[in-house]
Amino acid sequence: MRYSFKLVLVLVVFLAFQACNQSEDNVPEITKEEFPDLKIFLDKFEVEAKLRGFNFDFSNLDLVYVDKLTLQDGSEYCGLGIIKHPVSGKRTIQISKSPGICDWANKTDIERENLFFHLMGRAFLNLQPDNALMCNGKPLSMMSITFNNFNIYKENEPELREYYIDELFDRLAANEQCIDFGQNFTQNPVFFKNELSDLLWRFSNDNGRYQFSRGIHPNSFSTTYLGISSSGNGQNTGYIYKELEVPNIPEGATVILRTKVNAENLQGPGVAIAMRVYDTKIGNTGATTNESHLLTTETNPVNGKLENHVLELRLPNFSRKTIFIIPFAVMMPGTSGQAYFDDFEILVEPR
């Protein structure tokens, strides 16, 4: 593939817990014993890992209490799981001592374990937030950020605890559950489509040699497009792409990237589409992010006059180990003209 893409994982994703306002009179007196050594919870994590066949080296992991966790936007957090700390370079768990947000001092050990394991999922296992649900409305994963992460499972729920920890180490454990996919893919196969309101598209313009646009075609009322144009001076590939995190797609389904390309007079090599798929691989010192599939039409780009020319890529046998799907619209180096990728979408065909 002629272009290179560096997947940048978000280093700090997690949890803001809103607590009830407390007057100073009601704030409990904090004693040293109320903040036990975090290694207690790391030891519990290690026990569960060994039960599942993992023997980890935690020498590159820092466990830290901080007085308060406040991000630049002013939001206060209870805990952070950091894959690579910007100063130390280590995997890092930070827990706030602030009584106003997480009240760690008054939590039970099982509640503390819930949050600690969640943060280990991020910092040590490289997992992303996963807000999928079981059919009964419970979170499908400990990595949910829409539920209270102190209470994913409780003291008297050993089977539920075992499932959530199983899923933390192996996302395929979720296949044992009834999963709410949010739609019937047999009736509505569109999992994702380019919508004008979505501002999270990214691009690579080869130092300004490509121009990008997004919009709705005049007189179509609904046909959205991704546009790429160039005067032919592109030395590297120009592309526009979108990161889809933790796609909630049935195990074994076929995932299809499809678009219709329109161009008046596209000269040179032409345009193509591509799709990268990523999962995680757990090693001795934690997980790494791994590219499991690369599909592309770049070896056979299209050019000339194009009228609703369909480009399609098919990924069979989808795995719920997937943590990212990234679709691309691509213009090859040396191409001149403008191309529109219309109705750019991902479809799902259940097994």
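Figures for the structure shown
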item	result
Residue satisfying all of: in segment 214-237; among the small types (G, A, S) and closer than 12 Å to N194 by Cβ; modelled with the highest pLDDT among these	G227
For M275: the one exception among (1) crowded, with 18+ Cβ neighbours inside 10 Å; (2) over 30 Å from D170 (Cα atoms); (3) out of contact with any Asp or Glu (no Cβ under 6 Å at 6 or more places or on another chain)	(2)
Matching residues in segment 59-68 - criterion: being open to solvent by less than 40 Å² (accessible area, probe 1.4 Å) and under 24 Å from the mean Cα position of the chain (by Cα)	L61
Within segment 235-255, considering residues that are surrounded by 19 or more Cβ atoms within 10 Å (Cβ to Cβ) and β-branched (V, I, T), the one farthest from the chain's Cα centre (by Cα)	T237
Residues within segment 86-110 that are under 23 Å from the mean Cα position of the chain (by Cα) and open to solvent by less than 40 Å² (accessible area, probe 1.4 Å), tallied	6
Conditions (1) buried (at least 17 other Cβ atoms within 10 Å of the Cβ); (2) modelled with pLDDT of 95 or more; (3) more than 25 Å from D342 (Cα to Cα): number failed by E157	(1)
Candidate set: segment 244-262, residues that are out of contact with any His (no Cβ under 8 Å at 6 or more places or on another chain) and in a strand (DSSP E or B); chosen: the one nearest to N317 (Cα to Cα)	T254
Restricting segment 176-203 to residues that are in contact with a strand residue (DSSP E or B) (Cβ under 8 Å, 6 or more places away or on another chain) and among the acidic types (D, E), the residue that is farthest from I228 (Cα to Cα)	D180
In segment 306-344, the residues that are under 24 Å from P250 (Cα atoms), polar (S, T, N, Q) and surrounded by fewer than 17 Cβ atoms within 10 Å (Cβ to Cβ)	N317
Residue match in segment 124-145 (condition: more than 30 Å from Q183 (Cα to Cα), open to solvent by less than 10 Å² (accessible area, probe 1.4 Å) and in contact (Cβ under 8 Å) with a residue 12 or more places away in the chain)	yes
Unmet criterion (only one of (1) open to solvent by 60 Å² or more (accessible area, probe 1.4 Å); (2) assigned to a strand (DSSP E or B); (3) under 30 Å from F58 (Cβ atoms)) for S292	(1)
Qualifying residue in segment 69-82 (condition: hydroxyl-bearing (S, T, Y), surrounded by 14 or more Cβ atoms within 10 Å (Cβ to Cβ) and in contact (Cβ under 8 Å) with a residue 60 or more places away in the chain)	yes
Filter result for F181 (out of contact with any Gly (no Cβ under 6 Å at 6 or more places or on another chain) and either open to solvent by less than 70 Å² (accessible area, probe 1.4 Å) or free of Cβ contacts under 8 Å to residues at least 24 places away in the same chain (or both))	yes
Single match in T280, T297 (criterion: among the hydroxyl-bearing types (S, T, Y), over 29 Å from D343 (Cα atoms) and surrounded by 12 or more Cβ atoms within 10 Å (Cβ to Cβ))	T280
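The values are calculated or read from the model by the stated rules, or taken from the named source; none is laboratory data. Given the structure is predicted, the values throughout are model-derived calculations rather than measurements. So basically every Cβ, Gly included, is an ideal-geometry build from the backbone, and we count neighbours across all protein chains shown. For accessibility, only protein heavy atoms count, side chains too; no ligands or nucleic acids. Shrake-Rupley method; radii C 1.70, N 1.55, O 1.52, S 1.80 Å.
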